[in-house]
Amino acid sequence: MRLYAANDGLDAMRLDARQTRSMLKASNVHLPLTKPLDRLLDRWVVLDALQREAADAVADSHALTAWLDLHLDGVTRRLVGQLLADTGNNRDHRTFQVFFPEAPSETIRLALESQLDASTHFSTAAEEVGASKAVRAIVKEIAAIDVKGRMALKAREAAVLASATVALKIDTWRADANGVRRGVETALDDHANKGGLNRDYAGRFFPTPRAATTKLAAPPVT
């Protein structure tokens, strides 16, 4: 019997354990050995639901932050365009420089959290230079994105943490499953020894698990 390893997928391990349990039931000789496997498979149902929920939450949170990052980029470009319109296309004008002491592209290329941090001075900058109504309106849009963006970043952090917690639960289930399977194997070996059966008797109840092609993991942070 090969023990489950970290690269064995949750569903593959379930199918493997189910096959062992079904073969034990089919034998009609080893029915008591099915009980710990039944409990293991019942736990799997709960764990699978948790894994899917955690993975969905991570994907959704990354999608939201990605959209807000894209949206912020677009609004920031509109701010740049309005500032240039107000200053006669003069990037050295004090009004433009108060908003963007560095090239605007340096701000826009940042990830969401860093870009929000780099934009926090826009409201005070608008007051300092007496910005036009159009500029103030865009700055207000950016302030609204800031609120949504910081909430989304916190939600993403929580989702990634939750997914890590589920991954630990999967590790625990895997270890417990290996313990249960070892116990079943030992009982089958004893049965084979007492009955003069072939040495591979116990091993025939344990198919080789199929490695997972996907694992619970958080997408890269943008």
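Coordinate-derived values only; no laboratory data. Computed from a prediction, not measured in an experiment: that's the story for all the values here. Note that each Cβ is placed from the backbone with ideal geometry, even for glycine, and that neighbours are counted across all protein chains shown.
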Can you tell me which residues in segment 85-102 are surrounded by 16 or more Cβ atoms within 10 Å (Cβ to Cβ), part of a helix (DSSP H, G or I) and out of contact with any Asp or Glu (no Cβ under 7 Å at 6 or more places or on another chain)?
D86, F96, Q97, F99
Criterion violated by T120 - all others in (1) surrounded by 13 or more Cβ atoms within 10 Å (Cβ to Cβ); (2) polar (S, T, N, Q); (3) under 28 Å from L72 (Cβ atoms) satisfied
(1)
Would you point out which residue out of M23, M1 is farther than 30 Å from V147 by Cα, in a helix (DSSP H, G or I) and touching a helix residue (DSSP H, G or I) at 6+ places or on another chain (Cβ under 7 Å)?
M23
Collect the residues in segment 11-43 that are touching a Phe, Trp or Tyr at 6+ places or on another chain (Cβ under 7 Å) and either more than 18 Å from T186 (Cβ to Cβ) or surrounded by fewer than 18 Cβ atoms within 10 Å (Cβ to Cβ) (or both), keeping them in residue-number order.
M13, R14, M23, R43
